[in-house]
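Read-outs throughout are calculated quantities, based only on the coordinates presented, and are distinct from any laboratory measurement. Computed from a prediction, not measured in an experiment: that's the story for all the values here. So basically every Cβ, Gly included, is an ideal-geometry build from the backbone, and we count neighbours across all protein chains shown.
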Amino acid sequence: MDKIAVLDFGGQYAHLIANRIRRAGVFAEIIIPQNLVDPATELKDFCAVVLSGGPQSVFEKNSPKVDPAIFEIKKPILGICYGLQFLVHALGGQVKKAAGGEFGEAKLKITGKSKLLAGLPKASTAWMSHGDEVKKLPKGFEKIASTADCEFAAIEDSARQIFGVQFHPEVKHTEFGEKILANFLKISGAKKSWDLDKFLKDEISKIKKQVGQKKVFLLVSGGVDSTVAFALLEKALGKKRVFGLMIDTGLLRQNEAEEVHKSLTKAGFANLKVANEAGHFAAALKNITDPEEKRRIIGRVFLKVQRKVLKRLRFNPREWLLGQGTIYPDTIESAGTANSDKIKTHHNRVEEIEKMIEKGLIVEPLAELYKDEVREVGRKLKLPKNLIERHPFPGPGLGVRILCGESEKPKTTNKIETEINRKWKIRGKVLPLRSVGVQGDARTFAHPVALFTASRDFDKLSAIATWIVNKFPEINRVVLGLDVAKAPRVFLAAPAKLTASRVELARAADAIVNQTLSAQKLYAKVWQFPVVLAPVFEKGGEAIILRPINSEEAMTANFARLPKTFFATVTKKLLKLDGVEHVFLDLTNKPPATIEWE
Ligand code: XMP
């Protein structure tokens, strides 16, 4: 079979590149460069090679490398982001540390003729996530596209068929990314021989082989991933050998456990139980404020509870494997590959689970797929539409949407606020808390800026948000005050914990947002809509932060530009909740911010 090699330098999107190539019908294999003994010889079996992005800089001593002899094998090569910087550095060009960086949307302008960019308009949108950039091209190369902040956004050596792009063609937010990858596949001459039907067939035999005579105890949440995993396991093993357990963590949405039980039973899943274990989670999280610590504890309590239920149901643990609906972004963001940076620990990727995976005790039939593919597999397995099209809800649930911790502000707060005001004539305030982000493939934990203006020109506000995050390393998110147009004089934050009353408040706010979304027929217009509770205030209450986003595969996202009337209605309703003092809208894309705040 014709195939493409994707060398994984640890980029958040390395697997996504392979996924996109496979979606174009050509098989792609991910290879960790350090695992190659003689790269130039081993890569000769492939039609072409892609060098992925990565969190490091070519200047770092231990940054991932591959023998430059691969540039002599006469196969087309495409370097993406770090991959581009690596090839420039290795072939005698120069890379420089950029003063700020470029994260999120950028306008790509074509400057030269190239097979790689064939069929693209002169200007289009490209998605960026980088600090370093190319300063001088190696011999034989020429520039084929630029952006305002990056001169060498795309380059090529047409004689050697070596190409490089600083942006990410593999993410859906790059308008013509698919076309660029298709052009590269055309250049490679690879034949098309891969699709999701083949994936299903291969996966079913893989499940049968791994499970053998045992049975599978699957943790379900009502979300699309575990529901599709449930259906796939039943198809491979038969209904009697798959048992679904939904754990009510106390961090679920309003009435979620009953509703999920009802809809899964209606969809024909017979072996299904709900265990209410809210007390365990609340006790374990009582004094925890660090986001990563919270995630690890939630993952561990899931395991503990699952063992307890196995025992209570008198299941012999030697006869059962644990099933999870893990999908690919859960593994990559938890640093699941050799070179990648840890962004956040997903609940189904804690250390104990990793050890069980090594021993072959975990079945994860969807671990290679992205959400859009999972939904397609669900359709192929004839699951009802309402289950397939639900918004994703993370395992740790409201637990990662209730911000905890102490009040903290960067020392440069005044400077940041003055510069924003000078440049945009808008009042911006640095909020005294931090949230998780992803920039240049690495994790950030930085402050949000809140903007106060009557404007609802979301394109303009988004441009301001991008400028702010690119300019100030202390800032990784920008939010918009929805309830007041004038900036309050000062914002405070109180030390906060995960208390029962805060969980109730977050749950009530989430219910209001979701009900309004459905009532205004906007549910299908957003991909996901986290509602975050943050202990920032003027007078002692809390703030609600709305985070509606659109995405294809959760690796990149942009904030959803919903109608002004929706935000106005929802803000009015939220302010009526006891304890809610302000409402904000998150204007940040991913990157630089992640979808969830923790
Ligand atoms: P981030 O915040 O990393 O989220 O941009 C990407 C997607 O993953 C979901 N998410 C999780 N899902 N367990 C899950 O099942 C987790 O621990 C977890 N953390 C984040 C998030 O809701 C978004 O869809």
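Brief remarks follow.
- Taking each residue as 0.36 nm, the span from E358 to K539 lengthens on full extension beyond its C-alpha to C-alpha distance by 60.0 nm.
- Eligible aspartates and glutamates near K311 by straight Cα distance, threshold 20 Å, same-chain separation 8 or greater: D248, E277, E319, E352
- N316-A98 FRET efficiency (beta carbon distance; Förster radius 56 Å; 0.05 resolution): 0.45
- Cα gyration tensor, the chain - rounded (a/c under 1.5), prolate or oblate: oblate
- Of all DSSP bridge pairs formed entirely within the range 3-188, close to 55 percent run antiparallel.
- Residue-span extension gain [S263 to E60] - 0.36 nm each, minus C-alpha spacing: 67.9 nm
- Remark: the range 476-489, residue by residue, has Karplus-estimated 3J(HN,Hα) of 10, 8, 9, 10, 10, x, 8, 9, 9, 8, 9, 5, x, 5 Hz, where x stands for each Gly or Pro and the curve is 6.51 cos²θ - 1.76 cosθ + 1.60 at θ = phi - 60°.
- 3J(HN,Hα) couplings calculated from phi for the range 26-36 with the Karplus curve 6.51 cos²θ - 1.76 cosθ + 1.60 (θ = phi - 60°) are, in sequence order, 10, 5, 10, 10, 8, 10, 7, x, 5, 7, 8 Hz; Gly and Pro show x.
- Modelled this way, with points 7 Å down the Cα-to-C-beta line, the labels at N287 and D67 are 5.5 nm from one another.
- Beta bridges by DSSP in the chain, antiparallel share as percent, to the nearest 5: 50 percent
- Residues whose placed amide H lies under 5 Å from that of G10, excluding near-sequence neighbours: N339
- Long hydrophobic helices in the chain, taken as whole DSSP H segments with a C-alpha length of 24 Å or more on their own axis and mean Kyte-Doolittle hydropathy at least -0.5: 500-519.
- Label positions at L522 and S193, each projected 7 Å from the Cα along the C-beta direction, are separated by 4.9 nm.
- The label-point distance for A159 and K342, in a model that sets each label 7 Å from Cα toward Cβ, rounds to 4.8 nm.
- Cα gyration tensor shape for the range 196-398, rounded if a/c is under 1.5, else prolate or oblate: rounded
- Taking 0.36 nm per residue of separation and subtracting the Cα-Cα distance, full extension of the segment from K209 to K107 would add 31.9 nm.
- The chain - mean residue ellipticity at 222 nm from DSSP helices (-39,500 (n - 2.57) per run, n ≥ 4, rounded to 500): -10000 deg cm²/dmol
- Across the chain, the relative contact order, built from alpha-carbon pairs under 8 Å that are at least six residues apart, equals 13 percent.
- Rounded FRET efficiency, nearest 0.05, which uses the C-beta distance separating A485 from L575 and R0 of 25 Å: 0.95
- With θ taken as phi - 60° and the Karplus curve 6.51 cos²θ - 1.76 cosθ + 1.60 applied, the whole-hertz 3J(HN,Hα) list for the range 58-64 is 4, 6, 6, 4, 9, 5, x Hz, x standing for glycine and proline.
- Sequence-distant residues sharing a close amide H with V479 (under 5 Å, placed H): V449, A450, L451, L587
- Annotation: amide H of L245 within the under-5 Å range of L218, L219, V220, K273, sequence separation 5 or more or interchain, hydrogens built in the peptide plane.
- In straight-distance terms, cross-link reach from K564 covers every one of the aspartates and glutamates whose alpha-carbon lies under 16 Å from its own, apart from those fewer than eight places away in the same chain; here that gives D457, D459, D483, D586.
- For the peptides 562-568, 170-176, residues were scored by their other Cβ atoms within 10 Å and the scores averaged per peptide; the highest-first order is 170-176, 562-568.
- Legend: calculated FRET efficiency, Q254 to K382, from the Cβ-Cβ distance at R0 = 41 Å, rounded to 0.05, equals 0.90.
- Net charge over other residues, Cβ less than 11 angstrom from the Cβ of A190 (K, R count +1; D, E count -1): +4
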